[in-house]
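What follows is a short report on a single structure.
The values are calculated or read from the model by the stated rules, or taken from the named source; none is laboratory data. As the structure is a prediction and not an experimental result, all values here were calculated from the model. Cβ coordinates were reconstructed from backbone atoms using ideal geometry, including for glycine residues, and neighbour counts include every protein chain displayed.
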């Protein structure tokens, strides 16, 4: 394990594997650097790239510093890029894809950007987070009701059916991993910002991202998620859009990894 020191002094833990051009992996909600899927992706990409697989602040072996702001996580990525020598490719998953987008929009020295299913909510289909979503989530976190926070975030924030969350509770190893990072769930909601308000994306907010970008989704994903991927790919001036056959939001990394490798190599 290595550490990068962010601008506010937060220690960002990361693993460095492989050799070649640098790729930084940006996980989404609930993810951390030892998450099984992330490890699989890092292992595959490390055959051709130097992979930085890190714990976002507050997760795993990384420290945290109050007060939180999405800008601090952009600074964390900046610190990792400095550790990498000044430039890097960036891959983001789900809300991590939105963080990666914000990092690119901030002007960080990113060579290429790859995104998997940024979970924007662009229509009011009756499944938007309620007005008190963040307040209730923060209250659950502050009162150490981690299981409740996980359930609330999944059902009210992600639209996961309650019965599916109930099944997760029956899997002790899985549920333990989810609860371990429950206190960072408000961070992911902050990163999403107004992109989950049921309104179209602001072209002005994202059109300044000029780096080559690959936006990927799966054909088994919900229509609203696919709409989000298509929308951002349409707005970005240098983006390509690709759909993986047979894949959903829970993408198989052995299917995704070759697509990313090909994109980052070109």
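Every test in (1) closer than 30 Å to residue 266 by Cβ; (2) surrounded by fewer than 24 Cβ atoms within 10 Å (Cβ to Cβ); (3) in contact (Cβ under 8 Å) with a residue 40 or more places away in the chain is passed by residue 107 save one, and that test is (3). Looking only at region 234-253, count how many residues are in contact with a helix residue (DSSP H, G or I) (Cβ under 7 Å, 6 or more places away or on another chain) and in contact (Cβ under 8 Å) with a residue 60 or more places away in the chain. Number satisfying all stated conditions: 2.
In the set 232, 209, only one residue is within 19 Å of the chain's Cα centre (by Cα), modelled with pLDDT of 95 or more, part of a loop (DSSP other than H, G, I, E, B) and assigned by TED's automatic domain parsing to the domain that holds residue 62; that residue is 209. Scanning region 58-69 for residues that are in contact with a helix residue (DSSP H, G or I) (Cβ under 9 Å, 6 or more places away or on another chain) and closer than 14 Å to residue 181 by Cα yields 58, 59, 60, 62, 64.
Please determine whether any residue of region 45-57 is surrounded by fewer than 22 Cβ atoms within 10 Å (Cβ to Cβ), within 20 Å of residue 82 (Cβ to Cβ) and touching a helix residue (DSSP H, G or I) at 6+ places or on another chain (Cβ under 7 Å). Within region 45-57, none of the residues are surrounded by fewer than 22 Cβ atoms within 10 Å (Cβ to Cβ), within 20 Å of residue 82 (Cβ to Cβ) and touching a helix residue (DSSP H, G or I) at 6+ places or on another chain (Cβ under 7 Å). Which residues, counting only those in region 149-170, are within 25 Å of residue 69 (Cβ to Cβ) and in contact with a helix residue (DSSP H, G or I) (Cβ under 8 Å, 6 or more places away or on another chain)? Scanning region 149-170 gives 149, 150, 152, 153, 154, 156, 157.
I'm checking my understanding of the structure. Among residues of region 63-79 that are surrounded by 18 or more Cβ atoms within 10 Å (Cβ to Cβ) and touching a strand residue (DSSP E or B) at 6+ places or on another chain (Cβ under 6 Å), which one is nearest to residue 109 (Cα to Cα)? In this case the residue turns out to be 79. Considering 194, 219, the condition of being over 20 Å from residue 128 (Cα atoms), out of contact with any helix residue (DSSP H, G or I) (no Cβ under 6 Å at 6 or more places or on another chain) and surrounded by fewer than 17 Cβ atoms within 10 Å (Cβ to Cβ) is satisfied by 219 alone. Filtered by the rule that a residue be surrounded by 13 or more Cβ atoms within 10 Å (Cβ to Cβ), in a loop (DSSP other than H, G, I, E, B) and in contact with a strand residue (DSSP E or B) (Cβ under 8 Å, 6 or more places away or on another chain), region 235-266 gives 236, 247, 248, 249, 251. Evaluation of residue 60 against the conditions (1) in contact with a strand residue (DSSP E or B) (Cβ under 8 Å, 6 or more places away or on another chain); (2) not in a loop (DSSP other than H, G, I, E, B) shows that the sole unmet condition is (2). The residue list 86, 126, 173 contains one member that is out of contact with any helix residue (DSSP H, G or I) (no Cβ under 8 Å at 6 or more places or on another chain), closer than 30 Å to residue 15 by Cβ and in a loop (DSSP other than H, G, I, E, B), which is 86.
Every test in (1) within 30 Å of residue 260 (Cβ to Cβ); (2) in contact (Cβ under 8 Å) with a residue 40 or more places away in the chain; (3) assigned to a helix (DSSP H, G or I) is passed by residue 200 save one, and that test is (3).
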